[in-house]
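The values are calculated or read from the model by the stated rules, or taken from the named source; none is laboratory data. In this text the structure is predicted, and so the values were computed from the model without any measurement. Note: ideal-geometry Cβ built from the backbone for every residue, glycine included; neighbour counts use all protein chains shown.
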Amino acid sequence: HIGAGGAGLNGIIAGVFPTAMEGDALFNVGLNAQVFSFQATVTSAISGKIQKIGEHGTEAVKNHRVFLEQGGEEIAATETDSNGLYRFSGLLGGTYTVRPAQPSEKGSISPESKDVTLDENNPTGKADFTLSETGLRTGPIRIVGVGNNGGDEAAHEVVSDGHIEGSVARISHSTFNAMSVADLIATYDVLIITWATASSLDFDWDTRARPFLEAGGGIMYEDPENMDDLAAIVSEPSSCSGSGFQDIIADVPGLTDGVSSATDLGFNSLINNHMCFADWADWLSPFLEIPASAGGPYTTGLYGTWGAGRIVLAGPDQDYHSESDGSLTERNQFQLLINVLKWVGRLVG
């Protein structure tokens, strides 16, 4: 709109706008007509999301690299947030290509890229992508417990009762240490690392755990004796021990199904606790904690996907205490054990 003594611009979007005033001229009192034109430049944005389709429906793909290209050249890069969302802002008009990094894990993102054109009529653009998982199993899976935990060794019951099709073996920490990563990958699908394993267990993140996960293996980790092995991804406070009260703070499809929290039961929902986590890598997410009513909050359960594999780190030692025909608390913990073994084993059904 034209105001007294000048021009005001409202609602301008990206583009070039010559004036359409009478005679393309603005008359000032006492002066000759003067030709008046201007350019308005407003930045635009491209946003979108990456979601994963797996055995339990769709979920956000977080911390995934996304590239922005123009004219065949990469001009920007970002990562998806905890909701699988990304955004490139501060863009001018033109055609851009959005290209997510293809995962190193088993699976693929489609489409491989999307072209988005921004102009005065379309100052914002959207490009969504889908990660399709492969490597899911229908059974059987090969489970191994490292060390003799001296308790119920409930994973045997999970298999013998038919909750999971597969087998359960037990090996000593020294046997485990002597096996190469290639041997572990060829022999087992899921590793159970329990709290009773010796402190000399070799479960170094870079040389043992990560290569197993990258190859598609699953890990259930419940061992406070060897936390130094996983110092690269998690740290544990010394102030947390023994409490059985557990709250599910995040419902994770397949992992928390049918498991009650302390809030639901009104008393110990899971027996015992040996690990609480003070800090963790951003690809891990919390799902269990000791509530404030029991001296918390302390995070006691983490889960995450690395490469083609999955890991759950949990303070409540399910393999030791779970019983399918025990107390309400023991049965609750048995359900969690079933869930964890299925989830880290990528087991469908």
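Among the listed residues 182, 127, which satisfies the condition of being hydrophobic (A, V, I, L, M, F, W, C) and exposed (fewer than 15 other Cβ atoms within 10 Å of the Cβ)?
Within the list 182, 127, the selection yields 182.
For residue 214, work out the one condition from (1) among the acidic types (Asp, Glu); (2) within 16 Å of residue 306 (Cα to Cα); (3) without any contact (Cβ under 8 Å) to a residue 24 or more places away in the chain it doesn't fulfil.
Condition not satisfied by residue 214: (3).
Step by step: first the residues of segment 200-234, then only those that are hydroxyl-bearing (Ser, Thr, Tyr) and surrounded by fewer than 19 Cβ atoms within 10 Å (Cβ to Cβ), then the one that is farthest from residue 276 (Cα to Cα). Which residue is that?
Here the residue is 207.
Is one or more of the residues making up segment 234-246 at pLDDT below 95, in a loop (DSSP other than H, G, I, E, B), within 25 Å of residue 159 (Cα to Cα) and of a type in the set (A, V, I, L, M, F, W, C)?
No.
Give me the pairs, please: first residue somewhere in segment 60-86 and without any contact (Cβ under 8 Å) to a residue 12 or more places away in the chain, second residue anywhere and loosely packed, with under 14 Cβ neighbours inside 10 Å, beta-carbon distance under 9 Å, and either six or more positions apart or on two chains.
Here the result reads 71/94; 71/95, each pair linking segment 60-86 to a residue that is loosely packed, with under 14 Cβ neighbours inside 10 Å.
Collect the residues in segment 258-282 that are surrounded by 15 or more Cβ atoms within 10 Å (Cβ to Cβ), in a helix (DSSP H, G or I) and touching an Asp or Glu at 6+ places or on another chain (Cβ under 9 Å), keeping them in residue-number order.
Correct list: 262 only.
Give all pairs with beta carbons closer than 8 Å in which a residue from segment 226-251 that is in the same structural domain as residue 333 (by TED's automatic domain parsing) meets a residue that is among the basic types (Lys, Arg); count only pairs at least 6 apart in sequence or on separate chains.
Going by the 8 Å Cβ cut-off, the qualifying pairs are 229/208.
Taking the stated definitions as given, is residue 85 at pLDDT 90 or above and more than 16 Å from the chain's Cα centre (by Cα)?
So residue 85 fails the test.
Which of the residues that make up segment 186-220 are charged (D, E, K, R) and over 18 Å from the mean Cα position of the chain (by Cα)?
Within segment 186-220, 189, 202, 204, 206, 208 meet the criteria.
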